[in-house]
Amino acid sequence: MEPDLEALAEALGTTLQQSGLVAAAAESCTGGWVAKLITDIAGSSAWFDRGFVTYSNEAKQDLLGVQAATLAAYGAVSEATAREMAVGALTHSRADLAVAITGIAGPGGGSAEKPVGTVWMAWGRRGAEPEAVCHHFEGDRGAVRAQAAAEALRGLIARARST
């Protein structure tokens, strides 16, 4: 495991434990990497409930309740989809906080409007509207996915600290 990612996962665990919160992750382009980083930490079951790997549009709909109309209108890599993924992760878990990640890691699949490296993330908190941010990461597939995982963890830490 990359040391920076491991340190972020450990910091998330400490922060969640201190604030008494539990997290969940809904992942598409990262393929469960955030959940893996978290569950590599011994004792993470005390502060991490579950991860959803929803790579296909059907999985986003079936497991998270993302609306078919949202996917048709905005696409899988969009603010609207990321927000619905975060809400779905909270709805289908016992988590207080959730992160959702959907993007284009490459090397193919990009377009002029959504180039490779485009990643939408949303962080949700039970009882509040999710916050969404679009990132444009550089590098190959592995680099885009690693940067997305790191940013997802950083975002969870920041939101857990703001309680």
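The values are calculated or read from the model by the stated rules, or taken from the named source; none is laboratory data. Note that the structure is a prediction, hence the values are computed from the model and not measured. Reconstructed Cβ throughout: ideal geometry from the backbone, glycine too, with neighbour counts over all protein chains shown.
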Practice item. Considering (1) over 21 Å from Leu16 (Cβ atoms); (2) in contact with a Gly (Cβ under 6 Å, 6 or more places away or on another chain), say which one Gly117 fails and leave the rest. Key: (2)
Point to revise | segment 19-37: number of residues that are without any contact (Cβ under 8 Å) to a residue 60 or more places away in the chain and more than 11 Å from the chain's Cα centre (by Cα) | key: 2
Exercise for review: Determine if segment 121-143 includes at least one residue that is touching a Leu at 6+ places or on another chain (Cβ under 9 Å), in contact (Cβ under 8 Å) with a residue 12 or more places away in the chain and part of a loop (DSSP other than H, G, I, E, B).
Suggested key: yes
Revision key, fill the gap. Taking segment 65-102 and keeping only residues that are touching a residue at least 24 places away in the same chain (Cβ under 8 Å) and among the polar types (S, T, N, Q), one is left with Ser78, Thr81, Thr91, Ser93, Thr102
Practice item. Confirm whether Gly110 is at pLDDT below 95, more than 30 Å from Gln17 (Cβ to Cβ) and surrounded by 15 or more Cβ atoms within 10 Å (Cβ to Cβ). Key: yes
Review point. Residues of segment 37-49 being out of contact with any strand residue (DSSP E or B) (no Cβ under 8 Å at 6 or more places or on another chain) and either among the acidic types (Asp, Glu) or under 15 Å from Asp4 (Cβ atoms) (or both), which ones?
Key: Leu37, Asp40, Ile41
Point to revise | segment 38-63, subset of a type in the set (S, T, N, Q) and in a helix (DSSP H, G or I), residue surrounded by the most Cβ atoms within 10 Å (Cβ to Cβ) | key: Ser44
Check your understanding: Can Lys60 be described as under 24 Å from Ala128 (Cβ atoms) and among the basic types (Lys, Arg)?
Key -> yes
Revision key, fill the gap. When restricted to Val66, Val87, Val34, the only residue in contact with a Pro (Cβ under 8 Å, 6 or more places away or on another chain) and either in a helix (DSSP H, G or I) or over 24 Å from Ala146 (Cβ atoms) (or both) is Val87
